[in-house]
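As structure tokens, the structure follows; a few thoughts come after it.
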Amino acid sequence: MGSLSFQILSELVDSCKIHPENRLLLGVSGGIDSIFLLTQLHEIGQPIVAAVFNHGLRPEAAEECDFVESFCRERNIACVRGEADVSA
């Protein structure tokens, strides 16, 4: 395990009091920061479920949700998706 992965695992256990076997629900936007965190958690073996939500505010949001779902599917990461027109 690399030093960054070790630091993430240490933060989860020490600061967040999350047991390494606890399943986490991680909000994933599809941006580089959330994809990076998703990848790191997956690589250290942390059980995770990615959650992506299309608020219906931007036309490209559906594509971003598709990307997150595809990214997760390729890595066998559980993913849930929601959509709503929040401006309505």
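Computed over the alpha carbons of the chain, Rg followed by Dmax gives 14.2, 46 Å. Charged side chains reduced to their Cβ positions (Lys and Arg at +1, Asp and Glu at -1) give the chain a dipole of some 260 debye around its Cα centre.
The residues of the chain present an accessible area of 65 Å² per residue when probed at 1.4 Å with all protein chains retained.
Taking amide H positions as modeled 1.01 Å from N, with prolines and chain starts lacking one, the residues under 5 Å from ASN54 and 5 or more places away or on another chain are GLY82, GLU83, ALA84. What a 1.4 Å probe finds exposed on the chain is 55% carbon and sulfur by accessible area, rounded to a whole percent. Over the C-alpha trace of segment 19-63, radius of gyration and Dmax come out as 12.2, 38 angstrom.
Over the chain, what relative contact order in percent results from Cα pairs under 8 Å that are six or more residues apart? Could you put the intermediate results ahead of the total?
On the way: 115 pairs, mean separation 23.5, N = 88.
Dividing the mean separation by the residue count of the chain yields 27 percent.
How would VAL28, VAL13, VAL49 line up by accessible area, probe 1.4 Å, largest first? Each step should come with its number before you reach the end.
Details: VAL28 5, VAL13 55, VAL49 30 Å².
The ranking, largest first, comes out as VAL13, VAL49, VAL28.
The values are calculated or read from the model by the stated rules, or taken from the named source; none is laboratory data. All figures in this text were calculated on a predicted structure; none of them were measured in a lab. Positions of Cβ are backbone-derived with ideal geometry, glycine not excepted, and every protein chain shown enters the neighbour counts. With ligands, DNA and RNA removed, areas are computed over all heavy atoms of the protein, side chains included. Shrake-Rupley method; radii C 1.70, N 1.55, O 1.52, S 1.80 Å.
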